[in-house]
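A short write-up of the structure that comes next.
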Amino acid sequence: MQAASLVSESRCMIFERPENPDLADGRQIPLQVMVIPSLQSNPVLDPLVILAGGPGQAATELANLGLIFNKIRQARDILLLDQRGTGKLSPMRCAEAPEKLTDLSTRNLLKLQTKTLDTCLSEMEADPRFYTTDIAIQDLEALRMYLGYKQLNLWGGSYGTRVALAFLKAYPESVRTIILDGVAPAAITLPLHIERDASRALERVFEACDAEPSCSNHYPNLRMHFDDLSARFEKPQIISVTDPVTGQKLTLSADIDWLHAALRSPLYGRMTQRLMPFIIEQAYAGHYAPLLSVSALDGGINSAMFLSVICSEDVARISQANFDQAQAQPYILKSRQLNIPIIEACKTWPSRALPASYFEPVVSEKPVLVFSGASDPVTPPSWGDSILPGLVNAQHFVVEGFAHNTLGTRCTVGMITDFVDTANFSALDSSCLSNIKRRPFFIGTGGSQRHD
């Protein structure tokens, strides 16, 4: 079945909610809803809910997950609700700056960001303070009651795991099961740990390349070349590349901040991590097109909604002492572009103080299935472990060879299907996880020497 036919079978509606939950008769905002109906005529009344990441990604843009979770759909609907501030109906939109950046320095980036955000806030009708997670889960609970579902099975990826955990804490009786993929709890306080977690993922790439004969033989000086490349960019470099989107020849001024931020991007994907040695060696040789291509990938994130969540829920709890301590660490990926732009944006972006209870650990007896990619650069397994003390009926599985998201195998999808079907771990067979390995690195434009 193709995704287009899946969408054509779905039921869609606009669900209106008060922007400010304390003003029920105030400004209303439209939320896009998609229900991919069960394949049986009398489905059980506990659908699988897809909670998107970001923050800022629209759930309805993940409708293709209905294909991945097709067996779950045999007995259950699949429900997608665009979280407030996301999707085509979002009242929060910041237009991209018209000028193209040729000076990629942090200073110039911040100058352009300030201009963009000032324009965005001056034109926006929405109040950014009311697009946080604690209010978004109220929307989901209201939708559950409106549609007549008894309970929900929640699947959340990345930031969607935070939404799932918040919903579990606020509405425990409305939850049947939860599946978390790449845990991003409120304690992650983005962007405090970005450099640390990305550096860990890059270290794992180096270690894996050393252990893989085809990679270590082809790139025997990979670590040294990364260090030399980083040292080169301590001073601004003029680089010539072709824009991967427009095909236009570009001459750019870039420094270490840009280089290390760009190298973080391909660490997100299982497939793009396989390119890392090739990308580093190409950049070391003065060829930056591969790096620019993977760092320019668009994640479909609403930047305004992203800031509304991060500024109120993360940056507001980062002290200067915490930030200074993190900055003093000798991580191998160090870039002010991974944290300073977010910190600076939150100095002007409207925020709201959330109740202290929102940040308290989740305590629950509900069944929670947790997955982490072993080489995840932003939500590594340590974040999955951090939520387990309060979840007495949870199991955490670390999937080798995966980065940010673990859905790309029959094994993990099969485990999720069985878990949603039974709502317990007794019949869950995780033995297939031992067969999942890191895929071989690309050693050139022809790919790897072996395939799996």
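The values are calculated or read from the model by the stated rules, or taken from the named source; none is laboratory data. Fair warning: this is a prediction, and the values are worked out from it, not measured in the lab. All Cβ positions, even for glycine, are placed from backbone atoms using ideal geometry, and neighbour counts span all protein chains on display.
Can you say whether residue 375 is in a loop (DSSP other than H, G, I, E, B) and closer than 20 Å to residue 397 by Cα, as far as the supplied structure shows? Criteria met by residue 375. From the residues in the range 251-272 that are in contact with a Lys or Arg (Cβ under 8 Å, 6 or more places away or on another chain) and buried (at least 16 other Cβ atoms within 10 Å of the Cβ), which one is farthest from residue 379 (Cα to Cα)? Only one residue tops the list, namely 255.
Yes/no per residue for (1) touching a helix residue (DSSP H, G or I) at 6+ places or on another chain (Cβ under 9 Å); (2) free of Cβ contacts under 8 Å to residues at least 24 places away in the same chain; (3) surrounded by fewer than 14 Cβ atoms within 10 Å (Cβ to Cβ):
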{"site": "351", "(1), (2), (3)": "yes, no, no"}
{"site": "355", "(1), (2), (3)": "yes, no, yes"}
{"site": "362", "(1), (2), (3)": "yes, no, no"}
{"site": "367", "(1), (2), (3)": "yes, no, no"}
{"site": "371", "(1), (2), (3)": "yes, no, no"}
{"site": "380", "(1), (2), (3)": "yes, no, no"}
{"site": "388", "(1), (2), (3)": "no, yes, no"}
{"site": "394", "(1), (2), (3)": "yes, no, no"}
{"site": "402", "(1), (2), (3)": "yes, no, no"}
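The set of residues from the range 117-176 being small (Gly, Ala, Ser) and touching a Gly at 6+ places or on another chain (Cβ under 7 Å) comprises 157, 158, 160, 164. Only a single criterion out of (1) under 17 Å from residue 303 (Cβ atoms); (2) surrounded by fewer than 22 Cβ atoms within 10 Å (Cβ to Cβ); (3) of a type in the set (S, T, N, Q); (4) at pLDDT 95 or above is not satisfied by residue 132, namely (2). Applying the criterion of being surrounded by fewer than 18 Cβ atoms within 10 Å (Cβ to Cβ) and acidic (Asp, Glu) to the residues of the range 1-59, the residue that is farthest from the chain's Cα centre (by Cα) is 25.
Please tell me if residue 180 is in contact (Cβ under 8 Å) with a residue 24 or more places away in the chain, under 21 Å from residue 341 (Cβ atoms) and either of a type in the set (A, V, I, L, M, F, W, C) or surrounded by 15 or more Cβ atoms within 10 Å (Cβ to Cβ) (or both). Here the answer is no, as residue 180 does not meet what is asked. Here is the figure for the range 63-102: residues that are hydroxyl-bearing (Ser, Thr, Tyr) and more than 20 Å from the chain's Cα centre (by Cα) total 1.
Just so you know, in the range 161-197 the residues that are part of a strand (DSSP E or B) and among the β-branched types (Val, Ile, Thr) include one that is nearest to residue 381 (Cα to Cα), and it is 179. When each of 345, 356 is tested for being modelled with pLDDT under 95 and farther than 16 Å from residue 184 by Cα, the lone residue that passes is 356. What number of residues in the range 77-102 are surrounded by 15 or more Cβ atoms within 10 Å (Cβ to Cβ), β-branched (Val, Ile, Thr) and either modelled with pLDDT under 95 or part of a strand (DSSP E or B) (or both)? Total meeting the criteria: 1.
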